[in-house]
Structure formats: structure tokens, C-alpha cells
Amino acid sequence: MNKVLLIEDDARLAGLISEYLLRYDFKTSVVLRGDQALNAIEDGPPDVIVLDLMLPGMDGLDVCRQIRKRSAVPIVMLTARADLFDQVTGLEVGADDYVLKPVEPRLLLARLRAVLRRSQSAPAAAAATPSSLLQYGGLQIDLTARQVRWRGEEIDLKTADYNLFVILAQAAGRVLNRDELLRRWRGIGFDGVDRTVDVSISRLRRHFGDDAQEPRKIKTVWGRGYLFSPIAWED
């Protein structure tokens, strides 16, 4: 049975979510305040966290930042606001996915299963790979340590950005469209609106000094998608 930590100040909603997830072998613990979340994680590390954006004591974004300093546990954020800024901000501070309120239980269940599949398959994939080190010129990606070095300097990437970067690097020389990237990255297809791939790639380009107007390392192939160029990292 998977352990879920639900950080949600609406006790009634938390109860309904817990009851629904229990039917599908998810045992849920509930925390009603943001400033109590870290203690709850230390008391009993969960397999996945469902985190509301608006919380008393400490808001969801700050809670997410604090969790990411200590743990790579998957986080699905809940937000009542459909504003793309809130959704992107959540992913930027370390959330793996988000679900809009009012919560559709079946969608939440699907997102939880998707982030758990990704987190559980990552170690197995690394173990099955002949080498856990990807190297292109001055770039090194250690898949086991989840560490990126560029020209000998360690690059501190957010969890979501690192995961997308690895997907691109492992497909070096091949164009990946948004739908394929989103399915590998977050377990969902492209709805024609979601810009989180573009936002993450913009951050990655800044980390590695890739010209936003004429990128060479992570190229935009107009009308098709993105391409990680293995040759450009040799400069």
C-alpha cells in the first residue's frame, strides 16, 4: 500500500480524498497546516505528497521548497487558481505535477500513479543502463548521483528541470516534440496550451549559457520540437 501525505487545510476535502484513495490502496495521512508538514515527513516518510498551494502557517510554495532541500519524494500540488503563473511556479520550486481544484478524484489518482511510476522506475532504469554517466564534451550527467557538471563545475538544477534535461540528453541528436516530452517528463500528453516544457527549457538554457535567440545546445526545431545537440557541448 502506497503512503500518501496530504497537506490540505480543508478537513472535509482531505477526508473525502483520503476515503477515495484508500479504495485504491493508498493510505493517506493528513496535515492541516503548512508549518507542520516537515515534522510529519520526518515522522513517517511518505511515498508521495499531495500539497495544497494555500495553507495556514506556511504556504504551499514554501513548503515545497523546504521539502526539496531534504527529499526527492514526488509532490503533486493542488491549486484553486487556473493561472498558468501559479502552476509554473509550483513546478519551478520542485513539484512534479499539479491538479486544479475542485479536485476530480480520478484525475488525482491518475497523477499520483504517474509520478510514482516515474520515481520508482528511475532507479531501475539507471541500473539497467550500461553506464550511469552521460558525457558530451564538457558536460557530464551522473544518473546515479543525479549530478550535472558543466566544464568541471556542478550545476544546481531543480528536480523537474533535471528530469527534463536527462530526457533530452538521453535522446541526443533526435527531435522530441512537446507531447513526447510531457509524456516522458510528467506522464501526461500535450493539450495544446501547457507551456511548462518551454519554461523549463528556457531555464536550462540560462544555466548553460545557451543563447535564447539562437540556442545551439538545446535547439528549437520550429514546428517539430526540441533537439539536444551532442556536438554543441564540445565548445
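Would you tally the residues in region 175-195 being aliphatic (A, V, I, L, M), under 16 Å from Ala95 (Cβ atoms) and in contact with a Lys or Arg (Cβ under 9 Å, 6 or more places away or on another chain)? Full working, then the answer.
Looking only at region 175-195, we keep the residues that are aliphatic (A, V, I, L, M), and these are 175-176, 181-182, 188, 193.
Subset that is under 16 Å from Ala95 (Cβ atoms): 182, 188.
Remaining after also requiring in contact with a Lys or Arg (Cβ under 9 Å, 6 or more places away or on another chain): 188.
Counting residues in region 175-195 that are aliphatic (A, V, I, L, M), under 16 Å from Ala95 (Cβ atoms) and in contact with a Lys or Arg (Cβ under 9 Å, 6 or more places away or on another chain) gives 1.
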Query raised in the report: Under 7 Å by Cβ, and 6 or more places apart or on different chains, what pairs join a residue from region 167-185 that is over 23 Å from Arg113 (Cα atoms) with one that is open to solvent by less than 70 Å² (accessible area, probe 1.4 Å) and assigned to a helix (DSSP H, G or I)?
Result: Leu176/Leu168
Query - Boolean, Ala122 is in a loop (DSSP other than H, G, I, E, B) and either at pLDDT below 85 or under 12 Å from the mean Cα position of the chain (by Cα) (or both) - result: no
Report summary line: Considering residues that are open to solvent by 10 Å² or more (accessible area, probe 1.4 Å), under 24 Å from the mean Cα position of the chain (by Cα) and within 24 Å of Asp62 (Cα to Cα), the number found within region 6-30 is 6
Requested in this report: Check region 41-57 and report whether any residue there is open to solvent by 70 Å² or more (accessible area, probe 1.4 Å), without any contact (Cβ under 8 Å) to a residue 60 or more places away in the chain and assigned to a helix (DSSP H, G or I).
Outcome: yes
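Report yes if Thr129 is among the β-branched types (Val, Ile, Thr), open to solvent by 60 Å² or more (accessible area, probe 1.4 Å) and modelled with pLDDT under 90, otherwise no. Can you show your working first?
Details: among the β-branched types (Val, Ile, Thr): yes; open to solvent by 60 Å² or more (accessible area, probe 1.4 Å): no; modelled with pLDDT under 90: yes.
In short, no.
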Report task. Sort through Leu164, Leu168, Leu227, Leu176 and tell me the only one that's within 23 Å of Cys64 (Cβ to Cβ) and buried (at least 16 other Cβ atoms within 10 Å of the Cβ). Result -> Leu164
**Report entry** Matching residues in region 179-224 - criterion: being out of contact with any helix residue (DSSP H, G or I) (no Cβ under 6 Å at 6 or more places or on another chain), among the basic types (Lys, Arg) and either assigned to a loop (DSSP other than H, G, I, E, B) or open to solvent by less than 40 Å² (accessible area, probe 1.4 Å) (or both)
**Finding:** Arg186, Arg195, Arg205, Arg224
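The values are calculated or read from the model by the stated rules, or taken from the named source; none is laboratory data. Note that this is a predicted model, so its numbers are computed, not measured. Glycine also receives a Cβ, built like all others from the backbone with ideal geometry; neighbour counts cover every protein chain displayed. SASA here: full protein model, heavy atoms, side chains in, ligands and nucleic acids out. Shrake-Rupley method; radii C 1.70, N 1.55, O 1.52, S 1.80 Å.
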